[in-house]
Amino acid sequence: MMGLISTLVTNPLTYILAFLVLGLLLKPKFWKRGCYIVSVVLLLLFTNASLLDYVSEKWYGKYDQPLPIGKTYEYGIVLGGYSNWDWKHERPEFSEIADRLLEGVQLHAKGIVRKLVIASDGSVIQREGDAISGNPQGMKVYLMNMGIPSEDIIIEPKANNTHENATLTLELIGEELRNKPSVIITSSIHVPRSVLAFEQVGLHPDVYMTDLPTEIDKARFSILPRLSVIIGWRALLHEMVGYVAYKYMYE
C-alpha cells in the first residue's frame, strides 16, 4: 500500500491527470478553465528537459566533487537498483543505472577501493517466500569473472531500501566500517538520500557519483516538451520525498 502511495505521489502524471479530471467534473466555467490551465502548465513543466537538468544539479550539486587524490578506501559500497537476476540465462540483466557497478569495478581495478560491497541489488537480494529472487553466489561468480578476487567481494542480500542499505551493511561488516575509510558509489540524484541514510547510523563515507549527464546529454534551453523527461522527474521526486521521509522517520 505504501509503495502504491509513493508511486502516485512522486509521479508527475498524477497531478497532470488530477487537474484534467477535475476540470472535466467541475461545473463552473471559471474553475473548469483554471484546472485545464494548471494541467497544461504542469505538462509543460514536467516535460521540459532544461528545467529538469537545472533542478537536478541543484539537488546533488554540493556532492559533485572528485575523490581526494591518492586516497584509498577499504570499502566501496555499491548501492543497488541496477540489475535483476535472469534465472533462465543465468546472468544479471542491467538497467540504465548500471554505472554504479561498473564504476565500482573500475575503482577496485585502480586500487582505489580494496573491497567491493554489493548492497542489496535486485540480482542478489533474497526474500523468504518469493518465487523469484536474486542469486548472490551467481553474482559473486559474475564479478569474479570480471577479475575481482573472491575475498574482495562482500554481498549484503537483505536490504529493501537505502536506509536498510546503511544499517544492514554496518551490521554485516561491523565496527570496522566506522574505523576504516569507505566510499558509497551511486547515481547522482540518489546521493543526498544515501548520505543522509549513512549519517543516520553514524557513518560518514565519501561519495562517488555516477549517472551524471554529459555535456552532449545536457539539454539546451528549450520549451519544446519531451515526454521522456517525465521519467526523470519521477525519479527526482522519488528521491526528494524519500529524503524528507528519512529526515522525519530516522532522526
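The values are calculated or read from the model by the stated rules, or taken from the named source; none is laboratory data. Quantities reported herein were computed from a predicted structural model and do not represent experimental measurements. Don't worry about glycine lacking a Cβ; one is built from the backbone with ideal geometry, like all the others, and counts go over all protein chains shown.
Points to keep in mind about this one:
Residues checked against (1) in a helix (DSSP H, G or I); (2) surrounded by fewer than 21 Cβ atoms within 10 Å (Cβ to Cβ):
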site: 65; (1), (2): no, yes
site: 68; (1), (2): no, yes
site: 71; (1), (2): no, yes
site: 84; (1), (2): no, yes
site: 89; (1), (2): no, yes
site: 102; (1), (2): yes, yes
site: 115; (1), (2): no, yes
site: 118; (1), (2): no, no
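Residues are listed down the side, and each one gets a yes or a no for (1) modelled with pLDDT of 95 or more; (2) closer than 30 Å to residue 112 by Cβ; (3) outside the structural domain of residue 195 (by TED's automatic domain parsing); (4) more than 33 Å from the chain's Cα centre (by Cα):
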residue: 25; (1), (2), (3), (4): no, no, yes, yes
residue: 30; (1), (2), (3), (4): no, no, yes, yes
residue: 34; (1), (2), (3), (4): yes, no, yes, yes
residue: 44; (1), (2), (3), (4): no, no, yes, no
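- Subset of the range 91-100 (residues that are in contact with an Asp or Glu (Cβ under 9 Å, 6 or more places away or on another chain) and either part of a strand (DSSP E or B) or farther than 19 Å from residue 188 by Cα (or both)): 92, 93
- Being in contact with an Asp or Glu (Cβ under 8 Å, 6 or more places away or on another chain) and either in a helix (DSSP H, G or I) or closer than 30 Å to residue 141 by Cβ (or both) is not true of residue 22.
- Yes/no for residue 81 being on the phi > 0 side of the Ramachandran plot and without any contact (Cβ under 8 Å) to a residue 40 or more places away in the chain: no
- Flag for residue 56 being surrounded by 17 or more Cβ atoms within 10 Å (Cβ to Cβ) and either of a type in the set (Lys, Arg) or out of contact with any strand residue (DSSP E or B) (no Cβ under 7 Å at 6 or more places or on another chain) (or both): yes
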